[in-house]
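*Asks:* Have a look at the structure that comes next, please.
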Amino acid sequence: RRPRLSTLQERERLADPRGYLAPIATSAASAVGIFYLARCIGIARLGHAAKTARNRLLGTGVALPYFIILGFGSGYCSYGRVLDEVLCPATGDTVFAADLRSRLRSLAPPETSAMFAAYDQKMQHQL
């Protein structure tokens, strides 16, 4: 399919990994710390020996779900801000943004519908 309504700048903004990569990288770094923290707790409270498979499995068993939940959750929220910027551009409305808002309006939750209505009203006042 060839995009008809979106501009190159809008497509680049939606495809840019900076919209979601930073929170995922932060979550990965945090998960490494949780991995070692869980291993320390395993040594201190559960009697594990350091550098054993059992201890590493404990760290992995805690850190992996932590990373999945935190990484994907924060990446999703971060990308939501990118979508908001594309749907309601501060520099002025675009054909792509207006078309996308009209398509999503019936599916959107009440808060998002209110955001769309406020943006449409703001754009009408600027004309």
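*Asks:* What percentage of the solvent-accessible surface of the chain, computed with a 1.4 Å probe over protein heavy atoms, is contributed by carbon and sulfur atoms?
*Replies:* 64
*Asks:* Where only protein heavy atoms count, and the probe is 1.4 Å, what is the accessible area per residue for the chain in Å²? Intermediate values should be presented prior to the final figure.
*Replies:* On the way: 9010 Å² over 127 residues.
Per residue, the chain has 71 Å² of solvent-accessible surface.
*Asks:* Another question, if that's okay. Per-residue ellipticity at 222 nm for the chain, helices alone: DSSP H runs ≥ 4 residues times -39500 (n - 2.57), over residue total, nearest 500 deg cm²/dmol? All intermediate terms of the calculation are to be shown ahead of the outcome.
*Replies:* Details: 5 runs with 96 residues, N = 127.
Result for the chain, helices only: -26000 deg cm²/dmol.
*Asks:* Would you please give the FRET efficiency between GLN9 and HIS125, computed as 1/(1 + (r/R0)^6) with r the Cβ-Cβ distance and R0 = 22 Å, to the nearest 0.05?
*Replies:* After rounding to 0.05, the efficiency reads 0.35.
*Asks:* Which percent of Cα pairs goes in each bin when the distances of region 1-58 are cut into 10 angstrom slices starting at zero?
*Replies:* Answer for region 1-58: a P(r) of 20, 25, 17, 14, 12, 10, 1 percent.
*Asks:* Can you work out D for region 17-127 in µm² s⁻¹ from Stokes-Einstein, where Rh is the Kirkwood radius over C-alpha pairs, the temperature is 20 °C and the viscosity is 1.002 mPa s?
*Replies:* It diffuses with D of about 125 µm²/s by this estimate.
The values are calculated or read from the model by the stated rules, or taken from the named source; none is laboratory data. Quick caveat, the model's predicted, so the values are computed rather than measured. Methodologically, a virtual Cβ is constructed for each residue, glycine included, from the backbone with ideal geometry; neighbour enumeration extends over all protein chains shown. Side chains are part of the model used for accessible areas, which takes the heavy atoms of the whole protein and leaves out ligands, DNA and RNA. Shrake-Rupley method; radii C 1.70, N 1.55, O 1.52, S 1.80 Å.
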